[in-house]
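Take a look at the structure set out below.
Since every read-out is calculated from the coordinates, none of them should be taken as a lab result. Predicted model, so just to flag it, every value in this text is computed and none were measured. Using ideal geometry, Cβ is built from the backbone for each residue, glycine included, and neighbour counts are taken over all protein chains shown.
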Amino acid sequence: MVPSIIYDHTNSYNAQFKSSYVDIPELTGQALYEMIDYNNRLDEETYIMPILYQTAKKVYDAQQIALQNGESLIVYETFRPRDVQLLVNEALADLAESNDVVKAGITKEPWSMTWFINTNVSNHQRGVAIDLSLVRVDELSERIVGDYHVPKVLDYTPYEMQTPLHELSINSAMFTKPIASKDQEGWKKMEVSSAVTEPALRLQEYMTEAGFTPLASEWWHFNDVDALNSIGEKAGTGKFRITQSLNRPPKWEEVRTITTE
Ligand SMILES: C[C@@H](N)C(=O)N[C@H](C)C(=O)O
C-alpha cells in the first residue's frame, strides 16, 4: 500500500457492479469478498490491495504525479479472485439473457461481453490490473510511517467521471472501439469517446506516464503490460483468496540495503 493513496475496496462491503445502470442480481450492493486486515506498517485496519511488486512501483509513480497536481489516486480494486471473476461473468450473462438493454450495452458491435468482464483469466487474477479513479486533494497533511514522513490526504473531492465505477457497459468505454489490451502503443492513436471527462483523461495521463496501458472498454482500468510480459507463463490464475497483509514499519537502514542491493 502507498500511504498517501486513498483505498476503497467496495467489493468488500457494497459492490458497485451494474450494467447499463441496471442492478446485477447477486452482485450489486453485496459484500463479494472481504479484503480487510490490520496493517502493521500503518498501525490501522486497511483494505488489502495486492498487486505485483513491479506494478506497485508504477502505482507509486502515478501517485507522485497526481500529488504534484494537487490530486490523488483512489484505488477500488487490484487482485480479484478467480471465483469472483466467474461469479461476475455468470451474473452479468444471466441478466443480459433477460434484459435487452443490458444485452445491447455489452454486445453492441464492435464490443463483446469479454470487454466488460473478461470471460477468461483476467489481469486482475494475474496481479497486473488496477481499477481506480482520481480525486482533488482539499487537505493534505503528513504522517510518520516507520522512519519516514509521508503525505496523508485528509480531505478530498471526487471528480465527475462519464459513469460510476464498475458500470459494465459501452457507456464506460475510453475509446470509440476496442484495441488489444496488450498493445502498449496503439491506444495513443485511438479516438477517445466523446463522453470521457477531463479528469479521466488526466488519470489516463498519470497512469500511462507511470508505464500503464489503458483498457479501451473501461475508463478506470489499467494494465501493467510490462509485468505481464516479464512474468509470461508464470502468471497466476487467481485460484485463491488473500485474507492477510504481512508487513512492518519501514526502517531506513533496511530500505537503504534493499534499494542499493
Ligand atoms: C469487472 C471489470 N471492472 C473488469 O475488471 N473488466 C475487465 C475486462 C476484466 O474482467 O479484466
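Quick look at the numbers
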item	result
The stretch 174-230: GluC sites (Glu not before Pro) in DSSP loop, at most 13 other beta carbons within 10 Å	Glu185, Glu191
Low-density loop cleavage sites - GluC sites (Glu not before Pro) in the stretch 85-163, where at most 14 other Cβ are within 10 Å (DSSP)	Glu160
Low-density loop positions, trypsin sites (Lys or Arg not before Pro), the stretch 165-259 - DSSP coil, at most 11 other Cβ in 10 Å	Lys239
Calculated FRET value between Glu26 and Thr259, using beta carbons and R₀ = 45 Å, to 0.05	0.50
Simple Cβ-charge dipole of the chain, Lys/Arg +1 and Asp/Glu -1, about Cα centre, in debye nearest 20	600
The chain, relative contact order [Cα under 8 Å, separation at least 6], %	25
10 Å beta-carbon shell around Val75, net charge (K/R +1, D/E -1)	-3
The chain, helix-only ellipticity at 222 nm - DSSP H runs n ≥ 4, -39,500 (n - 2.57), divided by all residues, nearest 500	-8500 deg cm²/dmol
Residue order, fewest to most beta carbons within 10 Å, for Trp187, Trp219	Trp187, Trp219
Reference-scaled alpha-carbon Rg (2.2 N^0.38 Å with N residues) for the stretch 6-260	1.01
Members of Lys57/Lys234; Lys18/Lys177; Lys188/Lys234; Lys103/Lys239; Lys108/Lys239; Lys18/Lys152 lying beyond 23 Å, as alpha-carbon distances in this model show	Lys188/Lys234; Lys103/Lys239; Lys108/Lys239; Lys18/Lys152
DSSP-defined beta bridges in the chain - what % are antiparallel, rounded to 5	90
Cβ-defined net charge surrounding Arg202, 11 Å radius [Lys, Arg +1; Asp, Glu -1]	-3
Spin-label model distance (nm) - Val145 vs Asn69, 7 Å beyond Cα toward Cβ	2.2
On Cα atoms only, tilt of 82-98 relative to the major axis of the chain in degrees	30
Listed residues Phe222, Gln63, Ala15: farthest to the positive end of the dipole of the chain (Cβ charges)	Phe222
